[in-house]
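The values are calculated or read from the model by the stated rules, or taken from the named source; none is laboratory data. Because the structure is predicted, anything quoted here is derived from the model rather than measured. Neighbour counts run over all protein chains shown; Cβ positions are idealised from the backbone, glycine included. Side chains are part of the model used for accessible areas, which takes the heavy atoms of the whole protein and leaves out ligands, DNA and RNA. Shrake-Rupley method; radii C 1.70, N 1.55, O 1.52, S 1.80 Å.
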Amino acid sequence: LHRYRIRVLEVLVLTPIAIPEILMGVALLIFFVMLNLSLGLVSVALAHIAFCIGFVAIVVRARLSGMDESLVEAARDCGATPAQAFWHVTLPLIMPGVIAGALMAFTLSIDDFVITFFTAGAGTVTLPLQIYSMIKIAVTPEVNAVSTLLMLLTLMLIVIASKVSPSLLRSE
């Protein structure tokens, strides 16, 4: 997306951001049925990847746009293969964006009920579906405890990411 600027690929990756969740859930359900893919954890995982990839792409692409391409060229001039230049130069420089994208994808994915509802099979229970079934009657202490734990987990991941990212930005 960053280097070659293929418009069709950009549209395909960024469209899930603009599509309403209910429309995406129904479209993914129809897509999985057309592929004859049984609904379950695999379909939920594929749906969440399709849903979150646009958000991750935006964050990582922003990080790539601030990267100095001459560093990769210098690595290539020193004899590094394209794969070595990626692993030793590009990836460490964009790692804060990758971590931020992963945290955003995790947060969006764990919060998403609608897409999960449409793409989960009859016997598949994920956390959003379980919480939804628990609050149909009343908000129980279990729901409060799970919500508190999720909030603490998210905050802990943010603190870890903020501690890890500065070390990735330092030059050696």
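A compact table of results
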| read-out | value |
| --- | --- |
| Residue check for residue 157: of a type in the set (A, V, I, L, M, F, W, C), in contact (Cβ under 8 Å) with a residue 40 or more places away in the chain and under 18 Å from residue 48 (Cβ atoms) | yes |
| In segment 5-22, the residues that are farther than 15 Å from residue 53 by Cα and either surrounded by 12 or more Cβ atoms within 10 Å (Cβ to Cβ) or touching a helix residue (DSSP H, G or I) at 6+ places or on another chain (Cβ under 8 Å) (or both) | 22 |
| Selection within segment 23-39 - β-branched (Val, Ile, Thr) and within 10 Å of residue 115 (Cβ to Cβ) | 26 |
| Residue within segment 56-71 that is under 23 Å from residue 143 (Cα atoms), open to solvent by 60 Å² or more (accessible area, probe 1.4 Å) and either among the acidic types (Asp, Glu) or outside any helix (DSSP H, G or I) (or both) present | no |
| Residues of segment 98-156 satisfying the condition of being assigned to a helix (DSSP H, G or I), small (Gly, Ala, Ser) and under 21 Å from the mean Cα position of the chain (by Cα) | 100, 101, 102, 105, 109, 147 |
| Which numbered condition residue 89 misses (of (1) touching a residue at least 24 places away in the same chain (Cβ under 8 Å); (2) more than 21 Å from residue 5 (Cα to Cα); (3) surrounded by 18 or more Cβ atoms within 10 Å (Cβ to Cβ)) | (1) |
| Members of segment 30-55 that are among the small types (Gly, Ala, Ser) and either surrounded by fewer than 13 Cβ atoms within 10 Å (Cβ to Cβ) or in a helix (DSSP H, G or I) (or both) | 38, 43, 45, 47, 50, 54 |
| Answer residue from segment 116-160, given it is aliphatic (A, V, I, L, M) and within 26 Å of residue 37 (Cα to Cα) and is surrounded by the most Cβ atoms within 10 Å (Cβ to Cβ) among those | 120 |
